[in-house]
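Here the structure comes first, spelled out in structure tokens, and everything after it is commentary.
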Amino acid sequence: MALNLEEYQCEFCGKTCTNIVYAAFVCDSDECIEKARLARGGPGGHMKRKAEGQPIIPIDLEPAIEENRKL
């Protein structure tokens with residue numbers, strides 16, 4: 001099933017989504033793409049967190065993951 005990106009909004013500015021970049025719905029704005037990169041920690045953000053001794057999955061996502069495991 002394909003995603004219709006026009007049904008989603010940019011996570012940073014609220015405009016119509018045109019891309020999925022760094023696991024975020026974003027518009028074509030370079031500023032929003034940069035915000036998505038910083039929010040994730042870059043292309044290897046999960047490995048950076050692992051090297052720093054932090055969990056790979058950000059703590060703020062853990063409740064959602066636990067909820068999905070119940071399904």
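For Arg37, the conditions (1) in contact with a Gly (Cβ under 9 Å, 6 or more places away or on another chain); (2) modelled with pLDDT under 85 are fulfilled apart from (2). Screening Gly53 on (1) modelled with pLDDT under 75; (2) farther than 22 Å from Tyr8 by Cβ; (3) among the small types (Gly, Ala, Ser) shows it passes everything except condition (1).
The values are calculated or read from the model by the stated rules, or taken from the named source; none is laboratory data. Given the structure is predicted, the values throughout are model-derived calculations rather than measurements. So basically every Cβ, Gly included, is an ideal-geometry build from the backbone, and we count neighbours across all protein chains shown.
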